[in-house]
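One structure is given here, and the rest of the page talks about it.
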Amino acid sequence: MTQLMLNEIKSLDQYNWLLDGFPRTVAQAEALDKECHIDTVIDLDVPFETIKCRLTARWIHPASGRVYNLEFSPPKVQGIDDITGEPLVQRDDDKPETVSKRLQAYDAQTKPVLEYYRKKGLLKSFSGTETNKIWPHIYAFLQTKLPDVSQKDAAKPR
């Protein structure tokens with residue numbers, strides 16, 4: 001995984017870029033540091049209970065891939081796809097016991113990476129539970145790092 005990521009990043013050397021979910025280990029962070037200049041690491045500090053609630057509220061229509069969230073975008077009839085009337089299913093990855101295990105593993109794996117970047121003075125943490133409340137702070141921070149990025153450009157995934 002590390003070599004794959006490093007190869008991709010090398011092709012972006014003339015751009016500013018943002019990684020999501022990498023590096024996940026200190027060894028990956030060290031390998032990344034050897035190849036690239038990292039000037040900022042952003043940590044989204046969202047309580048695990050909030051993440052667990054969002055993930056366990058996710059249900060899908062397997063045939064189409066449509067995703068529903070019982071809190072944010074529920075189906076019109078609980079457990080039924082709005083378009084086909086077929087039953088929705090909860091992926092094994094979204095079941096409460098699996099989500100809890102994944103979050104515990106994530107926490108154990110990521111704490112050392114966050115500490116690694118904290119010691120280097122590169123870590124900036126943002127805490128909250130709602131995107132619309134955290135995003136303005138992240139955007140303002142990114143503007144200090146990348147003043148030429150517009151709100152419109154920042155919303156576009158690449």
Query raised in the report: From the residues in the stretch 12-31 that are touching a helix residue (DSSP H, G or I) at 6+ places or on another chain (Cβ under 7 Å) and closer than 16 Å to Gly121 by Cα, which one is most open to solvent (accessible area, probe 1.4 Å)?
Result: Val26
Query raised in the report: Can we say Leu88 is closer than 30 Å to Phe141 by Cα, touching an Asp or Glu at 6+ places or on another chain (Cβ under 8 Å), surrounded by 14 or more Cβ atoms within 10 Å (Cβ to Cβ) and modelled with pLDDT of 95 or more?
Result: no
Report task. Please tell me if Thr129 is assigned to a helix (DSSP H, G or I) and either closer than 30 Å to Ala27 by Cα or aromatic (Phe, Trp, Tyr) (or both). Result -> no
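Hand me the list of strands (runs of 3 or more DSSP E) wholly inside the stretch 1-113 holding 1 or more residues that are in contact (Cβ under 8 Å) with a residue 40 or more places away in the chain and in contact with a Lys or Arg (Cβ under 6 Å, 6 or more places away or on another chain). Even if it seems obvious, please write down each step before you answer.
Details: elements: 41-45, 58-61, 66-69.
Of the strands (runs of 3 or more DSSP E) lying wholly inside the stretch 1-113, those with at least 1 residues that are in contact (Cβ under 8 Å) with a residue 40 or more places away in the chain and in contact with a Lys or Arg (Cβ under 6 Å, 6 or more places away or on another chain) span 41-45.
The values are calculated or read from the model by the stated rules, or taken from the named source; none is laboratory data. Treat the numbers as computed from the prediction; the structure is a model and nothing was measured. Every residue, glycine among them, receives a Cβ derived from its backbone with ideal geometry; neighbour counts consider all protein chains shown. Remember, those area values only see protein heavy atoms, side chains included, never the ligands or the DNA or RNA. Shrake-Rupley method; radii C 1.70, N 1.55, O 1.52, S 1.80 Å.
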